[in-house]
Ligand code: GLU
């Protein structure tokens, strides 16, 4: 089987050294394995994605010396596929309409959201709000039966808590996640598992901040009959004060380093040094 990994940025801002670390790690793993590293643009959220950020990321990646096979998959061009998967999950009773906002849920339960539970207006009718569609862990557990306890994934990274080797998937740590957003229709977890399967991704290299998300994604793969890739969650880059070099407000983007006269080799060296620290 061809080793195939991917870099899947969301063009909601300019790329930072943390992104560069992910893509360089993925590209190196693909090169070592004689495979390929695809580029996927995760732009389902039209309210936050901007053409300038997408153009900027191609420019930054080329500057870093990264190349990728064409055509690039842009999620905004495949919304119908995600919607069809959501409809399938609805038909199988695996998602439910949730009318509460996140804030209301936190106030009401201070815990995982409960199925159903529409907000009623004064006349007893569901309030005129679009629902979010949440994955029902209860329904999933019921439908999977004994398979629920066999949900697992192989982790080859070495996270801060030493999570390496076979991991038991514990989707309950994320609760009933939203799969259909009320604002844009589809949510990240659903689109990402569909595209990892569609693109034949065998290995996923990404930051450890997405380790918890993997537990939910493995369940979704199982429910949708999709394969589970091997995961490698890498440590997050920290600056000299121990703060994350990520999309944090005000943190320096790759283009800012470039404007300050850094070369791609300088950025690579900085990343290599931070990754070792
Ligand atoms: N699009 C996500 C992000 O930019 C990454 C998703 C993934 O690697 O699974 O944070």
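See the values below:
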| quantity | calculated |
| --- | --- |
| Matching entry among 57, 39, 94, 73 (being surrounded by 21 or more Cβ atoms within 10 Å (Cβ to Cβ), in contact with a strand residue (DSSP E or B) (Cβ under 9 Å, 6 or more places away or on another chain), at pLDDT 95 or above and more than 21 Å from residue 209 (Cα to Cα)) | 94 |
| Answer residue from the range 1-29, given it is more than 19 Å from residue 63 (Cα to Cα) and modelled with pLDDT of 95 or more and is farthest from the ligand (Cβ to nearest atom) among those | 3 |
| Residue within the range 89-98 that is without any contact (Cβ under 8 Å) to a residue 60 or more places away in the chain, within 16 Å of the ligand (Cβ to nearest atom) and in contact with a helix residue (DSSP H, G or I) (Cβ under 6 Å, 6 or more places away or on another chain) present | no |
| Elements of type strands (runs of 3 or more DSSP E) contained in the range 157-235, each with 2 or more residues being within 15 Å of the ligand (Cβ to nearest atom) | 203-207, 230-234 |
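The values are calculated or read from the model by the stated rules, or taken from the named source; none is laboratory data. Only a predicted model underlies this, so the values are computations on that prediction, with no experimental measurement involved. Note that we place each Cβ from the backbone using ideal geometry, even for glycine, and neighbour counts take in every protein chain shown.
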